[in-house]
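Comments concern the structure below.
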Amino acid sequence: MPLPDPDGVPLFAERPEWADVLPLEQYEDVNPIAPIFYTEEYKAATNYFRAIVKAGEKSPRVMELTESVIRQNPAHYSAWQYRYETLTFLLASTTSDSTPKGALPPLLAAELTLMDELAVQFLKTYQVWHHRRLLVSLTKQPSRELALIKRSLEVDSKNYHTWSYRQWLLSSFYGADENGREQDDDDEGETIEAREVWEAELDFVDTMLAQDVRNNSAWHHRFFVVFHSGGTEHEAEKERIFKRELVYAKQSISLAPSNPSAWNYLRGILTHTRTPFATLETFVKPYTVAQKSAGDAEKRDIVDLDNPPPSAEAELPCVQALEFLADIFETQGASEPGKENTEKAVELWKSLANQYDTIRKKYWEYRIREAHHGKEPRT
Amino acid sequence: MEPRPTPIDGFPTPTSKTQAETEAVLIKHIPDPASTSAPPALLKNAHMQFLVRNLIQGFPTRYISQDASQPWLLFWTVQAFSVLQVGLDPGNKQRVIDKIMTWQHPDGGFGGGPGQAAHLLATYASVCALAIVGKPGPKGGWDQIDREKLYNFFMSLKQKDGSFLVAHHSEVDVRGIYCLLTVATLLDIITPELIEGTASFIASCQTYEGGFASASHPFYSHGGTLLPPPAPRPALGEAHGGYTFCCLASWVLLQPYLAEASTPEPPPQIDLKNLLRWLVNMQGIEIELGGFKGRTNKLVDGCYSWWCGGAFALLEALGVGGIQNADSEEVPIDSGPGAGVWDDVDDGLFNRQALQEYILYAGQHPSGGLRDKPPKNADAYHTLYCLSGLSSAQHHVFPSSVRRQQLFDAWKTTDNPQDGLRKKVFGEILSWAEEEGSSHIVGGKENRLNATHPLTNLTITHTEGIASHFYGQKVPPRVLRAKPTADASAA
């Protein structure tokens, strides 16, 4: 006898409104190898789901059935796919005059409400987030999404799907045109909204990084917001933004030097703007030597915004700083007739290989070989 | 001496707290050299029992969450057997084939289970499982794959930017592209039309960190207009180990076509130097036992032994690392036995020994199966990718120019208009060979695993078997090369 559903909802087989459907077993006439031990409830829901798909039925009760499958297995992509097809079919066939102008059809509004619940409950599945994309593409109402994503990131601050959904949303609805301006829409209100969204986005990243300066997802989002949002064509403005980001990265490094996220960001913005690493030699050097004595620490009171020093508790030398300095020397050595700078780089790589970053010994030795080969003409 | 913890710089945050907790657990798995001298053992029997239990008895109820990934459950299981050097008996092989064939969709491709929609990931797992257990002829699986419908299914997912949906109404994701290219390569159904623009799409997924993201996306204005270049096309999500493997493998699989393509635009490029830097930095430090993580400032996880550790072999196909690429006096390993200086210059660009130790000390569940990290349970997914990662750290599998030439020489010309390209694709995919005498097996030869193909994650024998069937070609026997001479290998 089938067990009753824990929530008190009877299985589909016991419900008269489903009596016309003949449930379809998954494996007919075979004793499959490597079976999954399904619950009765799951088996029942998926048996009915297979029958419905086979019949091609797209009716309101399909929404209930697919919800049941999804709640038990949110990664059941076919249930999501069929749910979406049913939803769009029902929306197209029920365009009613009763929906007030500008309001969403009740079916779509109900789906959004359900998704708000499921997004937080099943935030680690691809399908929940993709379904939202499909819905927002239908509603063209992205603005309420940003707040929901924020709530979701409070639960799981590095969730890959949530962050990429946010980036999809921003790039799908808030792009600037090729002149660096937001698209001139008839609706002036929306144009202003787009600009505000990007400004708020930078504040949002600041908040996330203030909570955890090591959150790499937030650093990646920062790069997206600052350099990939359509940006500006005005050179002066570009220069101002680059300087602001440079200060931001350096300050973050000074707070907690051994933070690869901040160093990767620093390298990223230098490469993106084609700025030589050598411009940061003065900043980097204090991070490449052992922590100074207490007397030196007092000199930290002198504020140099361009070159913020390591904090008093920093554990120095910092591996990422040694690597960065070696990169500077390598570049300088490559273009000089003598080899002093290359040899300086080699010394740093040796110290990384043998003392400070021993797990990557093979890589540092490879860098040494490559730098040496670079100096000699290849035959 | 105790290994150093990751520096916190007196500035704890949620990331550094989780990191410190993980290090505290992992350090307990480093054996005390004073109390034990036994080499670490791969618990082959326990892992076998874990796999047999899943295959014969079945998967516990919590695997309902993977009911739409049934092809993966089977692929992970049968490929783990292959890596462990074990084959199934004919009866069980047939049961696996029969089950897989219930997933083929009437309109082409394979779904996650009977009656489920076709999906690129499910198609890869199904076809690769068939490569292991299938054979030609009726009921063998291989000849029951509807390749024409499969091709049409692939084309129906194609997007204007060269990417593919993973299934109808589903997301664009580079995992799907890797799965599509692998299947299309093995089954001889790639066409220039199918993969037009795909390399550019892959290249656009590389982030400033050097690794690759799940996808990239163009910008649209607030009014809904697609913004043309030079509008940015950002990556969606940060650099990630799984996506990086998929992008890099796709990139390698696309090379024969890129070489043939004659487009006016310059070919797309990726930043190999930055990619290598990112990859080596995914390896955890000594206190993390040298396991790999999947993203910057995240925790080590056994599955990245394959996604990140296995990616180094792929870099060799692009000229990065590998003695065959070294610009030095060393004799290329292809050149024959014993000649020239053998330097130990090239046992990889990452710490192969430490990665093996991570898997042996922390990745094995004491009662069988492998895992993310202690104290987690073992599961089918981590069991395969820990074993494959361990295998790739044991062996040096590289694209051999000698092997490639053997395949080219043995190629039987056909009247197919794409014959030249097909020959090239076939020669490339099967050029991967294990460097004899180069294995470094932590814990001794009892821990030896089969080598796997860096692109397909099948054994080289299984890759050859299915590819030669669908290309209608004979694969010349592999000639064992002598090991390097004793004095030369002593370095």
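Worth pointing out:
- Selection count, the range B:24-55, where residues are among the polar types (S, T, N, Q) and assigned to a loop (DSSP other than H, G, I, E, B): 3
- Helices (runs of 4 or more DSSP H) within the range B:239-329 that include 1 or more residues open to solvent by 10 Å² or more (accessible area, probe 1.4 Å) and not aromatic (Phe, Trp, Tyr): B:241-260, B:272-281, B:311-317
- When the range A:317-372 is limited to residues that are outside any helix (DSSP H, G or I) and more than 9 Å from chain B (Cβ to nearest Cβ), the one that is nearest to A:THR282 (Cα to Cα) turns out to be A:PRO317.
- Only listed residue being of a type in the set (A, V, I, L, M, F, W, C), farther than 17 Å from B:GLU357 by Cβ, over 25 Å from the mean Cα position of the chain (by Cα) and open to solvent by 60 Å² or more (accessible area, probe 1.4 Å), chosen from B:ILE64, B:ILE56: B:ILE56
- Residue, farthest from B:ALA38 (Cα to Cα), within the range B:353-376, restricted to residues that are within 14 Å of another protein chain (Cβ to nearest Cβ) and open to solvent by 20 Å² or more (accessible area, probe 1.4 Å): B:GLN353
- Yes/no for B:GLU196 being open to solvent by less than 20 Å² (accessible area, probe 1.4 Å), among the charged types (D, E, K, R) and in contact (Cβ under 8 Å) with a residue 12 or more places away in the chain: no
- Of the residues making up the range A:279-307, those that are at pLDDT below 70 and either outside any loop (DSSP other than H, G, I, E, B) or more than 19 Å from A:SER252 (Cα to Cα) (or both) number 9.
- Complete set of residues in the range B:103-137 that are more than 23 Å from the chain's Cα centre (by Cα) and within 13 Å of B:LEU157 (Cβ to Cβ): B:HIS105, B:ASP107, B:GLY108, B:ALA117
- Any chance B:GLY91 is closer than 30 Å to B:MET155 by Cα, more than 18 Å from the chain's Cα centre (by Cα) and surrounded by fewer than 22 Cβ atoms within 10 Å (Cβ to Cβ): no
- Taking the conditions (1) at the interface with chain A (Cβ under 10 Å from one of its Cβ atoms); (2) part of a loop (DSSP other than H, G, I, E, B); (3) over 19 Å from A:TYR38 (Cα atoms) in turn, B:GLY87 satisfies each one other than (1).
- Residue check, B:ARG233 open to solvent by 10 Å² or more (accessible area, probe 1.4 Å), touching a residue at least 60 places away in the same chain (Cβ under 8 Å) and within 11 Å of chain A (Cβ to nearest Cβ): no
- In the range B:133-169, the residues that are farther than 24 Å from B:ILE97 by Cα and either surrounded by fewer than 23 Cβ atoms within 10 Å (Cβ to Cβ) or β-branched (Val, Ile, Thr) (or both): B:MET155, B:SER156, B:LEU157, B:LYS158, B:GLN159, B:LYS160, B:ASP161, B:GLY162, B:LEU165, B:HIS168, B:HIS169
The values are calculated or read from the model by the stated rules, or taken from the named source; none is laboratory data. This one's a predicted model, so the numbers in the text were calculated from it and none came from an experiment. Note that we place each Cβ from the backbone using ideal geometry, even for glycine, and neighbour counts take in every protein chain shown. With ligands, DNA and RNA removed, areas are computed over all heavy atoms of the protein, side chains included. Shrake-Rupley method; radii C 1.70, N 1.55, O 1.52, S 1.80 Å.
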